[in-house]
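Chemist: Could you have a look at this structure, given as structure tokens, before my questions?
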Amino acid sequence: MKNDDVKLERSYEKNIKIMGKSLRTSRIMLIASLGIVYTVMLFMENNSWIALAFTGFFTALLAFTFYAKQIGIIYFGEYSLEVSASGDIFITILHGHCPKCEGHLKLHKKRKTFNSFVVFIKCDLNDSHIWNADAFEKKT
């Protein structure tokens, strides 16, 4: 099978912006960390269970952002949340059909070493249908 037969394209890409600035993982992590510290201190002072609930929210937000940064792409049905190498967050729609079985193609990222990853394209119907995404980037 030639690599030219596999085609995965972004039909929609939107950078998430808040007040004109790109939403970045580092900003979310900073806000979530400060939120955890603040709500824990608020709980210790007032014994307010609402503050403890917000601590849980900020902890979940921090964990989700860290996970998204590590994985690089999270699928939500037709849409996906992509994080660039610089930390910018995008909402995208990726389309691609497996040339072997007509399943849908998705990007996956696997950790090679602590700071390096291997990106590959994988069919959602058959796990043995895998293509190296880095090979496509080097060709273009």
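Chemist: Within the stretch 66-105, track down each residue that is under 14 Å from the mean Cα position of the chain (by Cα), among the small types (Gly, Ala, Ser) and more than 23 Å from Ala32 (Cβ to Cβ).
Modeler: Of everything in the stretch 66-105, just one residue is under 14 Å from the mean Cα position of the chain (by Cα), among the small types (Gly, Ala, Ser) and more than 23 Å from Ala32 (Cβ to Cβ), namely Gly77.
Chemist: Looking at (1) farther than 21 Å from His104 by Cβ; (2) modelled with pLDDT of 90 or more, can you tell me which one Leu81 breaks?
Modeler: All conditions are met except number (1).
Chemist: Just to be sure before I move on: is Phe54 touching a residue at least 12 places away in the same chain (Cβ under 8 Å) and more than 27 Å from Asn15 (Cβ to Cβ) in the structure I sent? Spell out how you get there, then give the answer.
Modeler: Details: touching a residue at least 12 places away in the same chain (Cβ under 8 Å): yes; more than 27 Å from Asn15 (Cβ to Cβ): yes.
Yes.
Chemist: Now for a separate question. Could you say whether any residue in the stretch 99-120 is out of contact with any Lys or Arg (no Cβ under 9 Å at 6 or more places or on another chain) and within 30 Å of Gly20 (Cβ to Cβ)? Working first, answer last.
Modeler: Step one: filter the stretch 99-120 for residues out of contact with any Lys or Arg (no Cβ under 9 Å at 6 or more places or on another chain), giving 100-104, 109-116.
Within this subset, residues satisfying the condition of being within 30 Å of Gly20 (Cβ to Cβ) are 109.
Yes, the stretch 99-120 contains at least one residue that is out of contact with any Lys or Arg (no Cβ under 9 Å at 6 or more places or on another chain) and within 30 Å of Gly20 (Cβ to Cβ).
Chemist: Can you say whether Ile121 is under 30 Å from Ile31 (Cα atoms) and assigned to a strand (DSSP E or B), as far as the supplied structure shows?
Modeler: Details: under 30 Å from Ile31 (Cα atoms): no; assigned to a strand (DSSP E or B): yes.
No; evaluated as a whole, the condition is false for this residue.
Chemist: If you don't mind, another one. Would you check if Thr113 is out of contact with any Asp or Glu (no Cβ under 7 Å at 6 or more places or on another chain), among the β-branched types (Val, Ile, Thr) and in a helix (DSSP H, G or I)? Even if it seems obvious, please write down each step before you answer.
Modeler: Values: out of contact with any Asp or Glu (no Cβ under 7 Å at 6 or more places or on another chain): yes; among the β-branched types (Val, Ile, Thr): yes; in a helix (DSSP H, G or I): no.
Here the answer is no, as Thr113 does not meet what is asked.
Chemist: Hey, among Thr92, Thr113, Thr59, Thr39, which residue is of a type outside the set (Lys, Arg) and touching a strand residue (DSSP E or B) at 6+ places or on another chain (Cβ under 8 Å)? Give the derivation first.
Modeler: Details: Thr113 fails: touching a strand residue (DSSP E or B) at 6+ places or on another chain (Cβ under 8 Å); Thr59 fails: touching a strand residue (DSSP E or B) at 6+ places or on another chain (Cβ under 8 Å); Thr39 fails: touching a strand residue (DSSP E or B) at 6+ places or on another chain (Cβ under 8 Å).
Only one candidate passes the filter, namely Thr92.
The values are calculated or read from the model by the stated rules, or taken from the named source; none is laboratory data. This structure is a prediction, so every number in the text was calculated from the model and none was measured. Because the Cβ atoms are built from the backbone with ideal geometry, glycine has one as well, and the counts that use them run over all protein chains shown.
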